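*Asks:* This structure is in structure tokens; I'll ask about it shortly.
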Amino acid sequence: YQWLTIDHVMLYSMAAGDLSHFEKGCARQNADFVVLNMNGLGYQAPYGDVGGWMCWGPSIEVLRKAYWYDRDPKVGWALQRKTSIRDRPMLRGYNLPVTDTTPPSELAGLNVWPLTRPWYDTFDKEGDPDFSLTFDKVSFRDGFDPQSTYLLLDGLARGGHGHRDANAVLQWTQNDRIWLADTDYIKSLPKHHNTLLILK
């Protein structure tokens, strides 16, 4: 439900005529998070709590609405990459023509997406690391084309479905291929994720 919830907020904001979600930069931040979690082929990395391993769908709606607002060429690049896989226009999709594209060079190399304090404060603290040591996601990429190497590391455990997958590799892509993906909607224990389990 990662992108569906955000898409609903954006739709409501636009329908209500209250664009503060966009004006405050939230839509832009959401678009950046889509790109951070998107491999060079144009697919979203699964988060270890989803059935499929080639995630494509709802995140494109977040990008389309963000592009509608500010025509950012980096968002345009992500849209073009995603629609090259499968272009499925939707009636509420804000399918504007993409006129300018620039790969988001600031998201190359190593990028750490910080964990938000409210998320951290939601859960039990026994045995948890100090907030200053936490992260939401870490991405490693050497470029933005399908041949590039991309790896996404998860910093979260628990969440709504209770998956214990902190420090799992959510996805690794290279040479125009997905080599590793962390996907299971039901199996939540660490042994079912792409991670190292230290017992002693």
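The values are calculated or read from the model by the stated rules, or taken from the named source; none is laboratory data. Nothing here was measured: the structure is a model prediction, and the numbers come from that model. Here the Cβ is made from the backbone with ideal geometry for all residues, glycine too, and neighbour counts use every protein chain on show. Quick note on the areas: whole protein, heavy atoms, side chains included, nothing else; ligands and nucleic acids left out. Shrake-Rupley method; radii C 1.70, N 1.55, O 1.52, S 1.80 Å.
*Asks:* Give me a count of the residues in region 3-20 that are touching a residue at least 12 places away in the same chain (Cβ under 8 Å) and in a helix (DSSP H, G or I).
*Replies:* Taking region 3-20 and keeping what is touching a residue at least 12 places away in the same chain (Cβ under 8 Å), we get 3-4, 6-7, 9-11, 14, 19.
Cutting the leftovers down to in a helix (DSSP H, G or I) gives us 3-4, 6-7, 9-11, 14.
Residues that pass the stated criteria total 8.
*Asks:* Taking the options ASP130, ASP176, name whichever one is over 20 Å from GLN2 (Cβ atoms) and touching a residue at least 40 places away in the same chain (Cβ under 8 Å). Before you say what the answer is, go through the steps one by one.
*Replies:* Working: ASP130 fails: touching a residue at least 40 places away in the same chain (Cβ under 8 Å).
Of the residues listed, the single one that is over 20 Å from GLN2 (Cβ atoms) and touching a residue at least 40 places away in the same chain (Cβ under 8 Å) is ASP176.
*Asks:* Same structure again: Has region 151-159 got any residue that is open to solvent by 70 Å² or more (accessible area, probe 1.4 Å) and either closer than 30 Å to LEU19 by Cβ or in contact (Cβ under 8 Å) with a residue 24 or more places away in the chain (or both)?
*Replies:* No: zero hits.
*Asks:* Does THR122 qualify as being over 19 Å from VAL35 (Cα atoms), polar (S, T, N, Q) and surrounded by fewer than 14 Cβ atoms within 10 Å (Cβ to Cβ)?
*Replies:* Considered against the rule, which asks whether it is over 19 Å from VAL35 (Cα atoms), polar (S, T, N, Q) and surrounded by fewer than 14 Cβ atoms within 10 Å (Cβ to Cβ), THR122 comes out as yes.
*Asks:* Is region 111-125 home to any residue that is touching a residue at least 40 places away in the same chain (Cβ under 8 Å) and under 19 Å from LYS82 (Cβ atoms)?
*Replies:* Within region 111-125, not a single residue is touching a residue at least 40 places away in the same chain (Cβ under 8 Å) and under 19 Å from LYS82 (Cβ atoms).
*Asks:* If a residue must be among the hydroxyl-bearing types (Ser, Thr, Tyr) and on the phi > 0 side of the Ramachandran plot, how many such residues does region 29-48 contain?
*Replies:* 0
*Asks:* Please go through region 132-161 and give me each residue that is at pLDDT 90 or above, part of a loop (DSSP other than H, G, I, E, B) and within 16 Å of the chain's Cα centre (by Cα), ordered by number.
*Replies:* Within region 132-161, PHE135, ASP136, PHE144 meet the criteria.
*Asks:* If I filter region 125-145 for residues that are over 24 Å from ALA31 (Cα atoms), of a type outside the set (A, V, I, L, M) and open to solvent by less than 50 Å² (accessible area, probe 1.4 Å), do I get at least one hit?
*Replies:* Yes, some residue in region 125-145 is over 24 Å from ALA31 (Cα atoms), of a type outside the set (A, V, I, L, M) and open to solvent by less than 50 Å² (accessible area, probe 1.4 Å).
*Asks:* Continuing with the same structure: Residue pairs, Cβ under 8 Å, 6 or more apart or interchain, first in region 79-92 and open to solvent by less than 70 Å² (accessible area, probe 1.4 Å), second modelled with pLDDT under 70. List them.
*Replies:* Going by the 8 Å Cβ cut-off, the qualifying pairs are LYS82/TRP56; ILE85/TRP56.
*Asks:* Also: Return the residues of region 60-90 that are among the aliphatic types (A, V, I, L, M) and out of contact with any Gly (no Cβ under 6 Å at 6 or more places or on another chain); say none if nothing qualifies. Before you say what the answer is, go through the steps one by one.
*Replies:* Of region 60-90, the ones among the aliphatic types (A, V, I, L, M) are 60, 62-63, 66, 75, 78-79, 85, 90.
Answer for region 60-90, where residues must be among the aliphatic types (A, V, I, L, M) and out of contact with any Gly (no Cβ under 6 Å at 6 or more places or on another chain): ILE60, VAL62, LEU63, ALA66, VAL75, ALA78, LEU79, MET90.
*Asks:* Let me ask you something else. Could you say whether any residue in region 97-108 is of a type in the set (Ser, Thr, Tyr), open to solvent by 60 Å² or more (accessible area, probe 1.4 Å) and assigned to a loop (DSSP other than H, G, I, E, B)? Even if it seems obvious, please write down each step before you answer.
*Replies:* From region 97-108, those of a type in the set (Ser, Thr, Tyr) are 99, 101-102, 105; that's our starting set.
Still in the running and open to solvent by 60 Å² or more (accessible area, probe 1.4 Å): 99, 105.
Filter once more, keeping what is assigned to a loop (DSSP other than H, G, I, E, B): 99.
There is at least one residue in region 97-108 that is of a type in the set (Ser, Thr, Tyr), open to solvent by 60 Å² or more (accessible area, probe 1.4 Å) and assigned to a loop (DSSP other than H, G, I, E, B).
*Asks:* Suppose the filter is of a type in the set (D, E, K, R), touching a Ser or Thr at 6+ places or on another chain (Cβ under 7 Å), under 22 Å from VAL50 (Cα atoms) and surrounded by 12 or more Cβ atoms within 10 Å (Cβ to Cβ); does ARG164 pass it?
*Replies:* Yes; evaluated as a whole, the condition is true for this residue.
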